[in-house]
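The structure appears right after this line, and notes come after that.
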Amino acid sequence: MSHAREIGVIGTVVEDTIDRPGEPTVRDMGGAYHSVIAMSVFLPDDAVAVPITAVGEDTIARIRADWGRLPRVSLEGVHPVPAINNKVHLEYDDRGGREETLTGGVPPLAWGELEPWVGRVSAWCWNFISGSEVARETFEKVKRRSTGPLHLDVHNLCFGPPREGKPREHRPPEDWEGWVEGATWVQVNEIEAGLLHEGRAVPLPHDREGALAARVHALGAEGLLITRGARGATWLPRRGPAFEAPAGSEDAIDPTGCGDVFGAVWVALHVARGMEAEEAVLGAVRAAGAAATVSGTAELEAALARAASGLLGTPRPASRAAGGRIRR
């Protein structure tokens, strides 16, 4: 697989407030920050991540400053909209469950904002962080007219709409097969797998994952990726046996954004670096494990750079911010 020149990264920027039992509240940037920072660290020097995203007027200056310091990231697709940017309150319980409350909200990307990139980018990394990044009709146009591979993280397509300050509720995406059809790779966590295959917000039993994978393969995907948090991930290809990747870290403190990092690193390694699928899954799990050792994104670049150095065998250049961190 040839190296990519530009990789389109779709996902909503979020201002996170994270509450974990017995820990101080963390307020930091999240959502697409996880994907963009991960791409910046893991892409080769001949590739660039292009986040294509609408950002609220209250946040655009900070994003331009933060991402402008990252290597291998272009800001050409970032644009402000007259809206309050997405803000999410994440409340974890002592069993690892969480509730997610969304306020603010930018509008979906219009076809006119995506059309210039269709045919230009070598690959897509789509991550439905808000679940309303794009209307279905627009997404169908992107899939029909794109020539490169498209990675789809189903993510918050499995959430209902915001509920006026109340936590969002899981629900099966309407016609999920239509959203997935035409994607090259599909990513879900265990709860999302249960929602897609059985319509219930409970982890899909291990012995039924093959049946879900078969449904995804029948829609054209080369493979299904199921992330398992602290227990690693599984790669279920259209051809060949399933591959189990063990956990990437034993020092996890916060799972926020780990799935976002996993998907971005999978694309960076498999598409841009040409790694075999199994090797790319192992690397993505390792990166997600590194992301779980920090809370928020202020220290994320440094944590991922350490993982990348061990995985790729060469130090990764840091951003231009002091100490190699995104400055706050």
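Values quoted throughout were computed directly from the atomic coordinates according to the rules given, and no laboratory measurement underlies them. Nothing here was measured: the structure is a model prediction, and the numbers come from that model. Positions of Cβ are backbone-derived with ideal geometry, glycine not excepted, and every protein chain shown enters the neighbour counts.
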If each residue's Cβ is checked for other Cβ atoms within 10 Å, how do D46, D207, D153, D19 rank with the fewest at the top? D207, D46, D19, D153
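In the stretch 2-99, what is the volume of the convex hull around the alpha carbon atoms, normalised per residue and reported in Å³?
So the per-residue Cα hull volume is 116 Å³.
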For L102, what charge total do you get from the other residues with a beta carbon under 14 Å from its beta carbon, if Lys and Arg give +1 and Asp and Glu give -1? -3
Within the stretch 93-193, GluC sites (Glu not before Pro) in DSSP loop having at most 11 other beta-carbon neighbours inside 10 Å: E164, E174
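Is the C-alpha gyration tensor of the stretch 150-301 telling us rounded, prolate or oblate? Criteria: a/c under 1.5 is rounded; beyond that, a/b larger than b/c is prolate, otherwise oblate.
Oblate shape, in that a/c is at least 1.5 and b/c is the bigger or equal ratio.
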With label points set 7 Å from each Cα along the Cα-to-Cβ direction at I84 and D19, the distance between them in nm comes to 1.8
Using a 10 Å cut-off around each Cβ, can you sort H155, H89, H34 from fewest to most neighbouring Cβ atoms? H89, H155, H34
Loop-resident sites, the stretch 1-90, for trypsin sites (Lys or Arg not before Pro), counting at most 16 other Cβ within 10 Å (DSSP): R5
Gap separating the Cα centres of the stretch 140-207 and the stretch 217-263, nearest whole Å: 15
Taking T25, T297, T234 and counting other C-beta atoms within 10 Å, the order from fewest to most: T25, T234, T297
Given a cut-off of under 8 Å on Cα pairs at least six residues apart, what relative contact order in percent is computed for the chain? 18
At a threshold of 8 angstrom on Cα-Cα distance, excluding pairs fewer than six apart, so keeping six or more, what relative contact order does the stretch 73-133 reach in percent? 27
